[in-house]
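What follows is a single structure, written as structure tokens, with notes after it.
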Amino acid sequence: MQLDQLYQEIILDHYKRPHGRGLRDADDPTDRVAEAHHVNPTCGDEVTVRVATDGVVLHDVSYDGMGCSISQASASVLHELLRGREAGEAFAVHEAFVELMSGRGQVTPDEDVLGDGVAFAGVARYPARVKCALLPWMAFKDAAARAGVGASPEVKA
Amino acid sequence: MSSLTIPAGMPQFDDVPRFDVAAVRADFPILDREVNGHPLVYLDSANTSHKPRQVLDVLAEHYARHNANVSRSVHTLGTEATEAYEGARAKIARFVNAPSVDEVVFTKNSTEAINLVAYAFSNASLRADADPRFRLGPGDEIVISEMEHHSNIVPWQLLAERTGATLRWFPVTDAGRLDESGLDDLVTERTKIVSLVHMSNILGTVNATARITARVREVGALLLLDCSQSVPHLPIDVVDLDADFVVFTGHKMCGPTGIGVLWGRGELLAAMPPVMGGGSMIETVTMARSTFAAPPARFEAGTPPIAEAVALGAAVDYLTGLDMRAIQWHEKELTAYALDALATVPGLRIFGPTVPVGRGGTISFALGDIHPHDVGQVLDSLGVQVRVGHHCAKPVCSRFGVPAMTRASFYLYTTTGEIDALVGGLEQVRKVFD
């Protein structure tokens, strides 16, 4: 397997220059704000994702964390893709990303849906790293649920 | 070049036994394989070691020719299996210089061996007539260290919860050594057991235990040494170590998985209540109650890992054939070489002793702020197998302020060429992430 399939330029860019990093308060004080902290117990990666929403639109998806390039770049891409989206759209993207990561490299990603997230297609071929890529997405799902949008909270992996 | 002459009468350089690494490598079939198009460079022996053909053959031969259950059959196969199983016990007893073969209890691994001792304490604590050395309650203390593998932390935390005893620990110094400065305050008349790692699986530190042992004796506590990382790499003599319990695991010493050892002083094992109940551990059973076999059978309920024990015996034969002193010396040379080589890598920080004294061939490090998972992934693409993560020693990572480390660990088949491959690989890692 070629290493550059895993470490795509896009991933390294997001890792070295993360977009929207840092946990933020809501601009609109009437927004519901909730966060979730997830860890990967096998490697110690951590990420906190915070969602600010009026129940319809995700006004902000902010995050902080420490970990490998895959988990941190994935958080940056998550922020890029979901911030400002309607909750329903956001969960469609979420579903597409989870499907891509669970596909063992057999799923062809749709760039219109996943944007820079398509760069993670190669990660799906490295079973040991799939959890790294999914970490912020699972934290997002929890945070969104706590903010009253989306599915019920998941048990932390 | 100047040369140094060691005075006559002192141990000379050539007195150290040595072996031919190329010949050793030829015994390990897996070392022939490639990983991602590169020759395998296996630097993860602290995780698990590879197995020589001599061990694999014995494992296969046992099932092919001598398979039967042990300790209960009068038939020929049962007798052969029992002799092989008990023969392995005798080999292991000799290997660690156990005074009696009955002091060697087979377990699944070191984790189970430590849990066995912890649960023996637990069970004794429920019985007023149990040996007071094993009875724990509020006010009693268990002492471990910050350097332990999770397997020598969690069982004691659980034991403390069950009994109301207090868990205390030795800190670790910045240099990655055990901080013994508070020894007399830490190990006191309240201490019932001290359980320490002999060689750290993450820092590589080999702990000098003599002072601690002396203090343990002074206060009348018991001492358990986790030798999972030392028995495979150094000559270990349980009498010389003067511990009460020593645990180690087969798969790190050229043996199979699923077999480990609890060595305990005979008199202590005899005073311990059973932990697992079942077949083979009894003296007699009625519907109302049972009496129990003497050690080691008392602690080996159920059909044991027979073939694994026999193969561990073969592993011990293999190591003894090479001479443990030669293995120790080989790894000392590798460690010195690796410490020097890693020091040339820009931005590399070693956790643990940076001199090849009082340490073994297990070296953990950080490469700048590149996450260990990324380091390990790039190295893997070059065939170099290292472990990344917290190494089941999260308190050590916290102590040094990092979530994870990259670890290279050596064994008898490791070569300096493989260390060069690691150093070259780290250069590649820096290219990808800088």
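Screening residue B:408 with (1) away from every other protein chain (no Cβ under 14 Å); (2) crowded, with 21+ Cβ neighbours inside 10 Å; (3) out of contact with any strand residue (DSSP E or B) (no Cβ under 8 Å at 6 or more places or on another chain) gives one miss only, at (3).
In the condition set (1) under 25 Å from residue A:7 (Cβ atoms); (2) at the interface with chain A (Cβ under 10 Å from one of its Cβ atoms); (3) touching a residue at least 40 places away in the same chain (Cβ under 8 Å); (4) not polar (S, T, N, Q), residue B:389 is compliant with all but (3).
Residues checked against (1) under 30 Å from residue B:164 (Cβ atoms); (2) assigned by the TED database to the domain that holds residue B:29; (3) surrounded by fewer than 24 Cβ atoms within 10 Å (Cβ to Cβ); (4) among the small types (Gly, Ala, Ser):
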residue	(1), (2), (3), (4)
B:206	no, no, yes, no
B:228	yes, no, no, yes
B:241	no, no, yes, no
B:254	no, no, no, no
B:259	no, no, no, no
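Screening the candidates A:121, A:128 for the property of being surrounded by fewer than 16 Cβ atoms within 10 Å (Cβ to Cβ) and assigned to a helix (DSSP H, G or I) yields one hit, A:128.
Taken over the range B:80-122, the residue count meeting the criterion of being assigned to a helix (DSSP H, G or I) and over 30 Å from residue B:162 (Cα atoms) is 17. The sole residue among B:177, B:162, B:190 that is of a type in the set (Lys, Arg) and farther than 30 Å from residue B:389 by Cβ is B:190. Considering the range A:59-99, and only residues there that are away from chain B (no Cβ under 14 Å) and charged (D, E, K, R), the residue that is nearest to residue A:127 (Cα to Cα) turns out to be A:99. Among the residues of the range B:139-148, just one is open to solvent by 20 Å² or more (accessible area, probe 1.4 Å), more than 13 Å from residue B:178 (Cα to Cα) and touching a helix residue (DSSP H, G or I) at 6+ places or on another chain (Cβ under 8 Å), namely B:140. A Cβ distance below 8 Å, combined with a sequence gap of six or more or placement on separate chains, defines the contacts here; from the range B:141-158, residues that are outside the structural domain of residue B:122 (by the TED database) reach no residue that is surrounded by fewer than 24 Cβ atoms within 10 Å (Cβ to Cβ).
On inspection, residue B:19 fails the criterion of being of a type in the set (Phe, Trp, Tyr) and under 22 Å from the mean Cα position of the chain (by Cα).
Table: residues versus (1) polar (S, T, N, Q); (2) touching a residue at least 12 places away in the same chain (Cβ under 8 Å).
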position	(1), (2)
B:62	no, yes
B:72	no, yes
B:76	yes, no
B:82	yes, yes
B:92	no, yes
B:98	no, yes
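Of all residues being touching a residue at least 40 places away in the same chain (Cβ under 8 Å) and facing chain A (nearest Cβ under 9 Å) in the range B:357-374, which is most open to solvent (accessible area, probe 1.4 Å)? Just the residue, please. Among them, the one singled out is B:370. Report, by residue number, each residue of the range A:11-49 that is more than 14 Å from chain B (Cβ to nearest Cβ), of a type in the set (D, E, K, R) and open to solvent by 50 Å² or more (accessible area, probe 1.4 Å). Selection gives A:21, A:24, A:25, A:27, A:28, A:32, A:35.
The requirement of being in the same structural domain as residue B:210 (by the TED database), more than 19 Å from the chain's Cα centre (by Cα) and under 15 Å from residue B:207 (Cβ atoms) is satisfied by residue B:186. Please give the number of the condition residue B:340 fails out of (1) touching a residue at least 40 places away in the same chain (Cβ under 8 Å); (2) under 30 Å from residue B:14 (Cβ atoms); (3) surrounded by fewer than 19 Cβ atoms within 10 Å (Cβ to Cβ). Among (1) touching a residue at least 40 places away in the same chain (Cβ under 8 Å); (2) under 30 Å from residue B:14 (Cβ atoms); (3) surrounded by fewer than 19 Cβ atoms within 10 Å (Cβ to Cβ), residue B:340 violates only (1). Tell me, please, whether a residue that is open to solvent by 70 Å² or more (accessible area, probe 1.4 Å), farther than 20 Å from residue B:309 by Cβ and either in a helix (DSSP H, G or I) or of a type in the set (Ser, Thr, Tyr) (or both) can be found in the range B:67-79. No: zero hits.
The values are calculated or read from the model by the stated rules, or taken from the named source; none is laboratory data. Keep in mind that this is a model prediction, so the values were computed, not measured. Positions of Cβ are backbone-derived with ideal geometry, glycine not excepted, and every protein chain shown enters the neighbour counts. Just so you know, the surface numbers come from the protein's heavy atoms only, side chains and all, with ligands and any DNA or RNA stripped out. Shrake-Rupley method; radii C 1.70, N 1.55, O 1.52, S 1.80 Å.
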